[in-house]
Amino acid sequence: EAEVAQSPRYKITEKSQAVAFWCDPISGHATLYWYRQILGQGPELLVQFQDESVVDDSQLPKDRFSAERLKGVDSTLKIQPAELGDSAMYLCASSLGTSVNEQFFGPGTRLTVL
Amino acid sequence: AQSVSQHNHHVILSEAASLELGCNYSYGGTVNLFWYVQYPGQHLQLLLKYFSGDPLVKGIKGFEAEFIKSKFSFNLRKPSVQWSDTAEYFCAVNKNYGGATNKLIFGTGTLLAVQP
């Protein structure tokens, strides 16, 4: 069964350092999402891509976060510099298209900022 | 503020007990509703969804949910839980504002522990 792949699964970094997370969506899925899940809360959308274009990044803290999906397939989410409050689970999801479709989630990257 | 509310944060049940988890949303108009589940050590997966039609929807593993538009609710139910249902359950709403967004708004989740 096709799955969304993410790496690394765990990342520990010190504040002010740069971190990057990678996501490979299910083959053929045009839409890719990055969510952040803080402990005790539900996932919150950071950015949504349709192919290589950003269609929603309204909740992305653009002073320190960036996301790209250069070839419209895999994607990278970067934080620079990391802050203590960035400690969370970062989830990637994909769906066939932008109309209402089931989103398939990856295992996530657990980030701890010391 | 528009939101999705799950009032039960922690639920502890014995096996064979019945389950009902509440979910309320505050968005008007047409919405699409989902329940996702996260088993220990696993990723989020879809349990069931409602787009239109019969307001009583059936999902995997014997779960069902009822959409009550007048109450802005989409409660999850299971008549008899098993130990393997121990997991965190998330209600989510998709409110299409037009354009290309397919944004899911999640509730805070309900942690269910089923005692054998």
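According to the Cα-based calculation, Rg over Rh for the protein assembly as shown is 0.97, with Rh computed by the Kirkwood formula.
The Cα-based radius of gyration and maximum Cα-Cα distance (Dmax) for chain B are 14.0, 48 Å.
The radius of gyration of the Cα set in region A:5-97, together with its Dmax, comes out at 12.6, 37 angstrom. Each residue of region A:67-82 is assigned a 3J(HN,Hα), and the resulting list reads 9, 9, 8, 4, 9, x, 10, 7, 9, 10, 10, 10, 10, 8, x, 6 Hz, derived from the Karplus form 6.51 cos²θ - 1.76 cosθ + 1.60 (θ = phi - 60°), x at Gly and Pro.
Of all DSSP bridge pairs formed entirely within chain A, close to 90 percent run antiparallel.
Straight-line cross-link partners of B:LYS58 among the lysines, defined as a Cα under 27 Å from its Cα and at least 8 positions apart when in the same chain: B:LYS49, B:LYS69, B:LYS71, B:LYS78, B:LYS95, B:LYS103. For region A:20-26, putting each phi into the Karplus relation 6.51 cos²θ - 1.76 cosθ + 1.60 with θ = phi - 60° gives couplings of 9, 10, 10, 9, 10, x, 5 Hz, in residue order, rounded to whole numbers and with x for Gly and Pro.
Within the same chain, lysines fewer than 8 places from A:LYS15 are excluded, and of the rest, those with a Cα less than 28 Å from its Cα are A:LYS62, A:LYS78. What the phi angles of region B:36-44 give under the Karplus curve with 6.51, -1.76 and 1.60, with θ = phi - 60°, is a coupling list of 10, 10, 10, 6, x, x, 10, 8, 4 Hz, glycine and proline written as x.
Read the figures in this text as sums done on the coordinates, not as results from a lab. Being a predicted model, the structure only gives us computed values, none of them experimental.
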